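Read through the structure below, which is laid out as structure tokens, and then see the notes.
Rule-based calculations on the coordinates, nothing more; no lab input. Small disclaimer: the values here were computed from a predicted structure and weren't measured. Positions of Cβ are backbone-derived with ideal geometry, glycine not excepted, and every protein chain shown enters the neighbour counts.
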Amino acid sequence: MPQWHFPEGDDLPARQLVEGTLAPVAVLDAQLRHLYVNPAWVEVSGLPASAFLGRTLGEVLPDLRRPDDVLCEVLKDGQPREATISGTTNVSSPLGQRLWRAVYHRVDLPGRGACLCGIGVEISSLRRYLDDLETAHQRLALLDAAATRVGTTLDVETTCQELVDLLAPALTDLAAVALVEEESTGAPPPPPGFLRLREARGAAPPGMEWLLRQLGGPGPYVDVPRGVATRHCLDTGRPWLGNLASDELFQKVTVDPERTRLFRAAGIHSVLVAPLITAGRPVGVILLGRAGASQPFDEDDLVTIQALADRAALAIDSARRYSHEHTMALELQRALLSEPRTPHPAVEVAARYLPCGRSVLVGGDWYDSIPLPDSRTLLVMGDVMGHGFQAAVAMSQYRSLLRTVATSGASVDKTLGEFDRQVAQLGLDRLATCLLAVLDPQAGTCTAASAGHLPPAALRPDGSVEVLWLPPGPPIGTGLGGYESLTVRTDPGTVLLLYTDGLVERRGTDIDVAVRALEGLTLPADGPLDGMLDTFLAGLANGAYEDDVAVLAARRRATE
């Protein structure tokens, strides 16, 4: 068939219309082989018409995809149908993949029987616009999601995991976070001019997890010299991009040639490193990698990832500062809560302090045991209102002041009254609850008074528990005074238990009901106090407490 042959039987105006239109037109026989293509199709394909004649589309342009099953249905029933043609031709396009929407009609040509005529319109720009619009919506949704999914706790590791889980696979195949280590804990400091990064968390698709495990190297951290991509990001505050990276570019990220080999083995072709910086201070970096058929990173990716990095840096920095303050407060509290001594041979004591989970700041719980004349022992349990470093400092002030007041040897109710008066007079701005109990081995009694604190419990020699309900009094620091004491018998072997509200307080349960529940416990009373306390704490809430817990146990030794 000669080039530009127009099927016979069509008049000249029709021919001029088909060959003059800007829409690609093709005529196919029953085997979907080309009988005719117009100049518009020649132009977009980059091939002469003779290359099409007598051949199918797949034979001429294998990178174009067309649903031939739809065309066969048109040939079968004669009903026109739309079809999509997509892919690339021999004519390059800034849009990359091109897209046509075509309508196919069945036509009967003399001597050829049923044939197809297809007329197409390119919609690549519209598709690209819609794709870009959808991508923009997805990126905005991702930024919104970051506000609720990253930084849900004050734990650094959890925050980093939330970040990489958000990024992969939504924006990348591989995501890892490394944090700047400001203090060299338990390891030699980095060499001069080097910056130490410690890998925090990572995310990778199934089959690529091995890369995350091996990227960390033999140690938990890596010392990064100047000139490396990660260091450049932190020094300049700008992301570093390596699309379709060569081994030389990979070396700027990985430092170690072995890590470059790992990147290649995983099929990673593009890398993006974004800095985590807040208030001009480096927090860490995010490393992203795309592999296989994933497209290289583009400018929109850079903008989106940097926006996510800015938000994540604030969350991670907040978690790190909280963790630092939490550790300082806890260490201070532990230093102040020295193990209680056994003031007199006739009394033995043991104590436990359990800080709550990392989501709650350490509190102002304290306990003490103070020797008094005549072999008596003053047991103290207190709780300063609030949490954090300031509460721990206030606790030390209250504890020291009470020790001074208690040296007078006054009764527990008068000691609480003087303690309250002095706290109010000094202007200490935190209220505190406090329980005082004097264990008198010679008299076989226990005398207690409460300043807004929960009542003590007595573990009897038979293993039963009895709550010693005391007359309530106002918290320390109100200046109201008015405390009353209660004296009960304590047989040899009876264990007195003083505790803070974290031991029994449960969300949704009345505190008095929770305290009464202690009387349902049965504990071993004849073994070592340390073992008894461990059993006691493990049996309540399965060890899952919602606030800090302090417990002090004291027992009158049996006389021989």
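Quick notes on this one:
- Report note on the peptides 526-539, 448-461: ranked by the mean count of other C-beta atoms within 10 Å, highest first, their order is 448-461, 526-539.
- A Cβ-based charge dipole, computed about the Cα centre of segment 140-327 with Lys and Arg at +1 and Asp and Glu at -1, lands at about 280 debye.
- In terms of its C-alpha gyration tensor, segment 417-560 comes out oblate, because a/c is 1.5 or above while a/b does not outweigh b/c.
- Relative contact order [Cα under 8 Å, 6+ residues apart], the chain, whole percent: 9
- Sequence ranges 511-519, 372-380, ranked by mean other-Cβ count within 10 angstrom, highest first: 372-380, 511-519
- Shape category assigned to the chain from the gyration tensor of Cα positions, a/c cut at 1.5: prolate
- Dipole axis of segment 419-475 (+1 Lys, Arg; -1 Asp, Glu on Cβ), positive-most option in Ala437, Gly463, Ala451: Ala451
- Three-way shape label, segment 235-309, alpha-carbon gyration tensor, a/c 1.5: oblate
- Taking amide H as placed 1.01 Å from N in the peptide plane, the amide H of Asp365 sits under 5 Å from that of Val384, each at least 5 places away or on another chain.
- Rounded to the nearest 20, the Cβ-based charge dipole of the chain about its Cα centre (Lys and Arg +1, Asp and Glu -1) stands at 700 debye.
- Spin-label proximity, Val488 to segment 445-460 - amide N less than 14 Å from point 7 Å beyond Cα toward beta carbon: 445-450, 454-460
- Farthest toward positive dipole pole in the chain [+1 Lys/Arg, -1 Asp/Glu at C-beta], among Leu496, Thr404, Val393: Val393
- Backbone phi angles across segment 278-294, fed through the Karplus curve with coefficients 6.51, -1.76 and 1.60 (θ = phi - 60°), yield HN-Hα couplings of 9, 6, x, 10, x, 9, x, 9, 10, 10, 10, x, 10, 10, x, 7, 5 Hz in residue order; Gly and Pro are listed as x.
- Simple spin-label estimate for Arg460 and Leu140 gives 7.1 nm between the two label positions (7 Å along the Cα-to-Cβ direction from each Cα).
- For segment 406-411, 3J(HN,Hα) computed residue by residue from phi via the Karplus equation (6.51, -1.76, 1.60; θ = phi - 60°) reads 5, 5, 5, x, 5, 5 Hz, glycine and proline entered as x.
- A crude spin-label estimate for the pair Cys72 and Val303, with each label 7 Å from Cα along the Cβ direction, gives 4.6 nm.
- Here the extension length gained between Arg33 and Thr88 equals 17.8 nm, from 0.36 nm per residue of separation less the Cα-Cα distance.
- Hz values of 3J(HN,Hα) by residue in segment 444-450 - Karplus curve (6.51, -1.76, 1.60), Gly and Pro given as x: x, 10, 9, 10, 10, 8, 10
- Theoretical FRET efficiency, 1/(1+(r/R0)^6), r = Cβ-Cβ of Arg507 and Asp374, R0 56 Å, to 0.05: 0.80
- Long-range amide H partners of Tyr36 with built H, under 5 Å: Val27
- Residues whose amide H comes within less than 5 Å of that of Thr445, counting only those at least five positions distant or on another chain, are Asp440, Thr490 (H built at 1.01 Å from N in the peptide plane).
- Model label zone, Leu17; criterion: amide N under 17 Å from point 7 Å along Cα-to-beta-carbon; scope segment 99-118: 103-108, 117-118
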